[in-house]
Amino acid sequence: MRVGFQLLYQLVLGFFATIGFAVYFYAPIDSVLATGLAGGLSWVLYYIVLNITNDKIIGTFLGAFLVGILGEFLAIKMKKPATVFITPGIVSLVPGAGMYYTMLHLVQKDYTQAAITGSETLFIAAAIAMGIIVSTIFSKSLRFIKNKHS
Amino acid sequence: MNHFTINNNDEVKKLMALAINSGETLLRNGAEAYRVEDTMERICNSRENIFNANSFVTQTGIFLTFEYENQSYVNFKRVRDTAINLEKISEVNDFSRKFVCTKISLDEGLNIISKINKIKTHTKLEKAIFGAASAAFFTLMFGGNLRDFFASYIASYFVISIMNITNEFKLTFFIDNFLGAFLASLFASISIKIGLGTNLDKIIIGSIMYLVPGVAITNAIRDTMNGDSLSGLSKGMEAILSALAIAFGVWVILAIYI
């Protein structure tokens with residue numbers, strides 16, 4: 001029961017954070033709610049995976065993959081390019097804090113810590129990019145199979 | 001008259017202007033390099049007697065060339081100050097799809113593009129309200145409490161409002177980010193001083209979330225993985241320097257505060 005409440009709480013947080021960013025990025029107004037849901041769901045997935053495996057990179061990858069799949073789905077449903085959904089959707093996963101900490105360690109002359117957080121940040125960013133690319137390829141191949149059969 | 005062919009030199013110039021303008025609109029509003037290249041090539045190739053349309057896009061400029069009656073035409077546009085605007089990307093995307101498969105004349109197309117460029121989407125007030133809300137929710141996501149939530153909301157609301165004014169002066173992205181981070185951490189430390197917030201670092205990270213180039217670094221890696229290495233490199237460089245500017249801005253306050 002408490003786990004369920006915690007997940008719902010995280011979903012709400014991710015939902016509103018993504019909506020805020022969607023408006024900040026001037027997303028078309030009719031796409032904002034759907035984007036918020038995609039962002040919230042991917043944040044929850046990231047949260048679950050992070051708590052089970054304690055690995056940020058695999059969690060980020062799966063979260064970005066989910067955003068990509070939902071983005072491609074919504075793109076077909078609402079007839080808009082997938083970027084409209086993907087760009088605000090990944091914001092909750094994006095390593096903004098990591099980048100900030102890396103540079104903060106650098107200006108504080110703590111070079112070892114900067115190297116540790118910096119490389120982790122780079123891997124997280126790469127994981128997001130990988131997740132989106134894999135989801136794009138996945139949905140393209142699904143469409144290909146569908147077209148072949150019909 | 002068939003709208004799907006180009007008839008004279010005048011129309012060639014218009015087609016070039018149309019393709020370059022739509023590419024510029026896309027790039028200026030934060031589209032990926034491959035989307036810009038693809039859109040421009042599609043617009044040119046949709047007219048039957050245009051051959052060998054080729055484009056090359058980096059973060060800072062677009063090149064486009066095509067052949068018409070054995071003569072090649074080249075144009076190039078320098079693009080400065082990009083900001084993300086998803087509505088415009090979506091509109092240009094819609095337009096290019098329509099242009100390729102229906103009879104929209106070139107003049108009409110140029111009109112539509114300039115209209116898209118003038119779209120007023122949200123007011124600055126709305127931007128500040130929603131940007132501050134997402135900053136406050138990020139403070140919660142990073143583990144802040146309810147008091148930090150309000151501190152972060154107020155701090156980032158002021159920062160976005162001030163940034164909206166300073167954006168008019170067209171400072172470079174480095175100064176913009178430095179100023180934003182400086183103000184965010186200034187307001188955050190004030191909120192601690194007057195007893196509203198409790199965790200300084202959580203408030204600061206939440207409030208600089210819309211400055212931090214997380215999306216930019218991800219897009220840079222996406223571009224590089226797509227094979228657009230030059231665009232990826234310039235985006236990545238800009239992202240790293242923005243993060244540095246933000247860190248400087250925060251550090252100035254932290255050095256005084258601690």
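Just so it is clear, none of the values below were taken in a lab; they were calculated from the coordinates. Since the structure is predicted, the reported quantities are computational estimates derived from the model, not experimental observations. So basically every Cβ, Gly included, is an ideal-geometry build from the backbone, and we count neighbours across all protein chains shown.
Annotations
- Candidates A:Leu11, A:Thr83, A:Leu104 compared by Cα position along the dipole of segment A:2-141: farthest toward the positive end lies A:Thr83, with charges placed on Cβ.
- Burial ranking of peptide ranges B:139-152, A:43-56 (average Cβ count within 10 Å, highest at the top): B:139-152, A:43-56
- Taking a straight Cα-Cα cut-off under 28 Å and skipping sequence neighbours fewer than 8 places away in the same chain, the lysines within cross-link reach of B:Lys77 are A:Lys80, B:Lys13, B:Lys14, B:Lys88, B:Lys98, B:Lys103, B:Lys115, B:Lys118, B:Lys120, B:Lys170, B:Lys235.
- Counting only other chain Cβ atoms within 10 Å of each residue's Cβ, the peptide B:241-252 averages 4.
- In segment B:124-257, the inverse of the mean reciprocal separation of distinct Cα atoms equals 15.1 Å; this is its Kirkwood hydrodynamic radius.
- Highest average packing first - B:27-36, B:204-213, A:134-143, Cβ atoms within 10 Å: B:204-213, B:27-36, A:134-143
- Shielding by partners for peptide B:218-226, expressed as the average number of C-beta atoms from other protein chains within 10 Å of each residue's C-beta, is 6.
- For segment B:152-258, the list of trypsin sites (Lys or Arg not before Pro) that fall in a loop by DSSP and count at most 16 other C-beta atoms within 10 angstrom reads B:Lys170.
- The mean number of partner chain beta-carbon atoms within 10 angstrom of a residue's beta-carbon across peptide B:138-150 is 2.
- Legend: helices of chain A (whole DSSP H runs) are marked when their alpha-carbon atoms reach 24 angstrom or more along the helix axis and their mean Kyte-Doolittle hydropathy is at least 1.6; marked are A:56-78.
- Evaluated with a Cβ-only charge set (Lys, Arg +1; Asp, Glu -1), segment B:124-257 carries a dipole of roughly 240 debye about its Cα centre, given to the nearest 20.
- For segment B:1-145, the Cβ-based charge dipole about the Cα centre amounts to some 520 debye (Lys, Arg positive; Asp, Glu negative; other atoms uncharged).
- Dividing the summed helix terms, -39500 (n - 2.57) for each DSSP H run of n ≥ 4, by the number of residues in chain B produces a 222 nm estimate of -22000 deg cm²/dmol to the nearest 500.
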